[in-house]
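Inspection log for the structure reproduced underneath, given as structure tokens.
The values are calculated or read from the model by the stated rules, or taken from the named source; none is laboratory data. Predicted model, so just to flag it, every value in this text is computed and none were measured. Reconstructed Cβ throughout: ideal geometry from the backbone, glycine too, with neighbour counts over all protein chains shown. Surface areas here come from the heavy atoms of the whole protein model, side chains and all, with no ligands, DNA or RNA. Shrake-Rupley method; radii C 1.70, N 1.55, O 1.52, S 1.80 Å.
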Amino acid sequence: MKKAIVIILGISFLGGIIFYVQSHNNKPIYDETVVRRESVTSKINVDAEIAPAVYADISSELPVLVKDVFVEKNDRVTKGQKLLTLDQKSVQAQINNAKLSVERAELTEKKARRHNNWKLLKPEDKKSIKKATEQARQKLNEVYAQASRGNIVSPIDGVVIEQNIKIGEVAQGILMRIINTESLEVNLLIPEVDISKVNKGDKVIITLDAYPNKKIFGTINSIDISSTKKQNNTYFQAKVIVHDWQDIQVLDGMNAEADIIIQQKKNVLVVPRDFAKKDGQGYFVYVNNDIAQKTKLEKKYFKDGLKDDNFIEILSGLKLNDQIFKLK
């Protein structure tokens, strides 16, 4: 029995030494700081993409052969510069076809109007016949307009980023896309759950994937009222005006991320986030209510306000210079 008492006393003595070492060496068992004043910035992080505000899709109204192509992808062009020439024989064939369509439509309408048949037709049938004639004439005018040009020219200054046509091919669909590189802007995809927090005029901090160490600053200029779907999630698109691209070479289609500043408070009471804890009663910090025993820490709850990555605002429960602790 005496031996057991000696062992227990020995363990207690050893534990006291360990506690003493932990408490009195250069590595305390807790960190400490004080309640202070800082700025707190609440923000939303969203995906972003670079896109031009001014661009032109070059197409032909007629499925005709292309005789010459004068520009390639990445070429810089000016407004009015010749891009391609249409084959005139092919254009003339389109004119002839359009004329035949007008003649057939007019003949159909004339037959319908003969011998008082027109009065017997239903209103919707009359409308359909007249519309067919109007459309045929409109098509012929479009063909004449295309034929009179012969050459397709650039409507804007910019750079050719798509070139989908070669000599001898039929001009159909989008032949080229030209963008004005000076009009590049940032498009944000804002999740549906966050859109109510975002407003026109909010400040934005943009980081391009290609330049992770650069910060670009802008302002939300507009927010689309219609939504878009991406991977079964709903987003709203917002456009950002960039104040200064600095010395960055910005290209169409670049990916980025953006922090939208939705609220900011300056010079407010805060605690660092890593010192604050939360349980069922709310946020709390550890405080020392016994100066004689620095290791006797207790919870102290506070009412929280605005939060960011670094700080939590204190609305009540703590005051300036209160000492707070964080167990290691």
May I ask what percent, to the nearest 5, of DSSP beta bridges between residues of the chain are antiparallel?
-> 100 percent
Which option, [x] 26.2; [y] 19.8; [z] 27.7, is the value of Kirkwood radius over Cα pairs in Å that was calculated from these coordinates?
-> [z]
Using the beta-carbon distance between Gln323 and Lys299 and R0 = 25 Å, what value does 1/(1 + (r/R0)^6) give for FRET efficiency, to the nearest 0.05?
-> 0.95
Relative contact order in percent for the chain (Cα pairs under 8 Å, 6+ apart) equals 27 percent
Using 19 Å as the cut-off for backbone N distance, which residues of region 158-200 belong to the label zone defined by a point 7 Å from the Cα of Trp245 along Cα→Cβ?
-> 158-162, 177-188
With every protein chain in place, what's the accessible area of Tyr286 (1.4 Å probe, Å², nearest 10)?
-> 50 Å²
Degrees, to the nearest 10: 88-113 long Cα axis against longest axis of the chain | 70 degrees
Where in region 36-65 are there GluC sites (Glu not before Pro) that are in a DSSP coil and have at most 15 other Cβ atoms within 10 angstrom of their Cβ?
-> Glu61
Rh_Kirkwood(region 96-239) over Cα pairs, Å, one decimal, evaluates to 21.4 Å
Accessible-area ranking of Ile179, Ile156, largest first, probe 1.4 Å = Ile156, Ile179
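Please state the relative contact order of region 51-91 as a whole percent: Cα pairs under 8 Å, 6+ residues apart?
Numbers: 28 pairs, mean separation 19.0, N = 41.
It comes to 46 percent, rounded to a whole number.
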Nonlocal amide H pairs with Leu315, under 5 Å, H built at 1.01 Å = Lys303, Asp304, Gly305
Excluding residues fewer than 8 places away in the same chain, name every one of the lysines whose C-alpha is closer than 23 Å to that of Lys127.
-> Lys99, Lys110, Lys111, Lys119, Lys139
Counting only protein heavy atoms and using a 1.4 Å probe, what share of the accessible area of region 195-327 belongs to carbon plus sulfur, as a whole percent?
-> 45 percent
Under a point spin-label approximation (7 Å from Cα along Cα-to-Cβ), what is the Phe217-Arg137 distance to one decimal in nm?
-> 6.1 nm
Give the angle, between 0 and 90 degrees and rounded to the nearest 10, that separates the Cα long axis of helix 2-24 from the longest principal axis of the Cα atoms of the chain.
-> 50 degrees
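Quick check for you: with a 1.4 Å probe and neighbouring chains kept, what is the accessible area per residue of region 246-328, in Å²?
Per residue, region 246-328 has an accessible area of 60 Å².
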On a 0 to 90 degree scale, rounded to 10, what angle separates helix 123-149 from the longest Cα axis of the chain?
-> 90 degrees
Might you work out the accessible area of Arg273 for me, using a 1.4 Å probe with all protein chains in place, and round it to the nearest 10 Å²?
-> 90 Å²
Note: Asn164 to Ser42 extended length (0.36 nm per residue) minus current alpha-carbon separation gives 39.3 nm
Straight-line reach from Lys239: which aspartates and glutamates have a Cα under 14 Å away, not including same-chain ones fewer than 8 places off?
-> Asp47, Glu49, Glu185, Asp202, Asp224, Glu257, Asp259
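For region 188-328, what is the relative contact order in percent, using Cα pairs closer than 8 Å and at least 6 residues apart in sequence? Don't skip to the answer; put the middle values down first.
On the way: 243 pairs, mean separation 27.7, N = 141.
About 20 percent, as a whole number.
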